[in-house]
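Here is the structure we will look at.
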Amino acid sequence: MKKYRKCDEIVEILKAMVRERIRHSSYFLPGEVAMAEEIGVSRITLRKALAVLEQEGTIRRDGVRTEIVEKRDILSHCGKILFVTAVRGSTFGLPAMERLWTCFAPEVTSRGGDVELFSASQPAQAAEWREKMSEANVVFLADFFNGPAELWEKMLRGKTVFSMLETVSAPNSIYLDNDAVGRAAAQTLIEAGCRKIAGICFDYKFFNNLIFSRRMNGFRKTLEENHRYDPDLIKLIPYPSNGRFNPSVGDKYSKAAREALEEAYRQGSDGAFVASDEEIGLIAMNLFRRHVIPERMKLLTVNGMGDAMRNSPPIACLSHGTHKVVSTAIEQLKLIAEKRFQEPVNFSIPPNLYANCTLSEIFCSEAQPKPVLTVAIG
């Protein structure tokens, strides 16, 4: 049934439709019949609203199609965009940064943006850092960095700076909502029927790490709200700065985390959240060998390098959708290009759950129907 709406209201609905289509790189609106049916208005009112958008230069009509007129080179007005990541051999950071870059770069260049990837093994290459930073107008800090804060502040002065991580100080941020990660992990294990749930994490108190402390804070709160919290099952593992990696054992963190997971199993845990999937295969190997995952213990982790997905069986992961991060960044770049950008910007991307074999084991039972899951594009 058609609703009575004013033309101005239809114009705003159509503008929202245009923005959504541009966000997905689609530059044509549906036919008039389909649009009128979707919005719930008559074609006469729809045509009046379309005429307003055409006069404003938002769309172009040729009697057959309605094309969205976007300035395809809009991001050329942002100046030099520098995507900065520190390549330090991180087993979990590099794949995540690669996914982000390979999604980010085409979206920027397709809109006329001048974007460059800058990576370095050590920030000690001060001359090169200064040169790259001096050329940039917008900087995306995608990884952790060392070095004096005064040096960073001087190099980044007068630029629009986004940080992809909570631990990197910057005027603006777009990062994974880590409190929501912990909450989602706890809720998922509770819904899976777990009665005794463990949490295993880096010792964030020792490292003063916002990422891990927020994950475990959300995890603990949700367990408390559901009367499932047991402080004896929260294992904080110190990460050694001098621990050498051994292919058969992992580093000292892997060994300690594995021991913590096995201890949780001995304490009767039927669910566990490991706050990082770095070396998750080594951490969980003995439980896999004894065939207690996923039959006895349901295991969740956070996707970084993706090796959790390569386990047999794969381990269920929480992660952000890379495309959602990129689309949020593109929207901010458009505002910068149009000189409508207002600092500070703070976006927390909520976590999604990867669907895989272990997850099927978690959710599928005769008593409980399998829910519809959102799969992150990582």
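Tallying residues that are assigned to a helix (DSSP H, G or I) and over 37 Å from the mean Cα position of the chain (by Cα) within region 1-32 yields 1.
For the structure I just gave you, tell me whether Ile234 is touching a strand residue (DSSP E or B) at 6+ places or on another chain (Cβ under 7 Å), surrounded by 21 or more Cβ atoms within 10 Å (Cβ to Cβ) and at pLDDT 85 or above. I'd like the intermediate steps shown before the answer.
Details: touching a strand residue (DSSP E or B) at 6+ places or on another chain (Cβ under 7 Å): yes; surrounded by 21 or more Cβ atoms within 10 Å (Cβ to Cβ): no; at pLDDT 85 or above: yes.
So Ile234 fails the test.
Does Glu331 satisfy the condition of being in contact with a helix residue (DSSP H, G or I) (Cβ under 9 Å, 6 or more places away or on another chain), acidic (Asp, Glu) and under 25 Å from Asp143 (Cα atoms)? It is true that Glu331 is in contact with a helix residue (DSSP H, G or I) (Cβ under 9 Å, 6 or more places away or on another chain), acidic (Asp, Glu) and under 25 Å from Asp143 (Cα atoms). Report yes if Phe162 is modelled with pLDDT of 80 or more, touching a helix residue (DSSP H, G or I) at 6+ places or on another chain (Cβ under 8 Å) and aromatic (Phe, Trp, Tyr), otherwise no. Criteria met by Phe162. On the stretch given as region 210-229, residues that are assigned to a loop (DSSP other than H, G, I, E, B) and out of contact with any helix residue (DSSP H, G or I) (no Cβ under 8 Å at 6 or more places or on another chain) total 1. Count of region 277-315 residues, restricted to those that are of a type in the set (Gly, Ala, Ser), modelled with pLDDT under 85 and surrounded by 24 or more Cβ atoms within 10 Å (Cβ to Cβ), is 1. Residue pairs whose Cβ atoms lie under 9 Å apart, separated by 6 or more positions or on different chains, with the first residue in region 4-18 and at pLDDT below 85 and the second assigned to a helix (DSSP H, G or I) and of a type in the set (Val, Ile, Thr), are Tyr4/Thr45; Arg5/Ile13; Arg5/Ile39; Arg5/Thr45; Lys6/Thr45.
Entry remark, region 33-64: residues being within 21 Å of Glu331 (Cα to Cα) and either in a helix (DSSP H, G or I) or of a type in the set (D, E, K, R) (or both) number 2 in total. Of all the listed residues (Ala170, Ala142, Ala136, Ala86), the sole one being modelled with pLDDT of 90 or more and either among the basic types (Lys, Arg) or crowded, with 17+ Cβ neighbours inside 10 Å (or both) is Ala136. Go through the residues of region 28-50 one by one and say whether even a single one is within 28 Å of Cys103 (Cβ to Cβ) and surrounded by 13 or more Cβ atoms within 10 Å (Cβ to Cβ). There is at least one residue in region 28-50 that is within 28 Å of Cys103 (Cβ to Cβ) and surrounded by 13 or more Cβ atoms within 10 Å (Cβ to Cβ).
The values are calculated or read from the model by the stated rules, or taken from the named source; none is laboratory data. Since we're looking at a predicted model, the values are computed, not measured. Cβ coordinates were reconstructed from backbone atoms using ideal geometry, including for glycine residues, and neighbour counts include every protein chain displayed.
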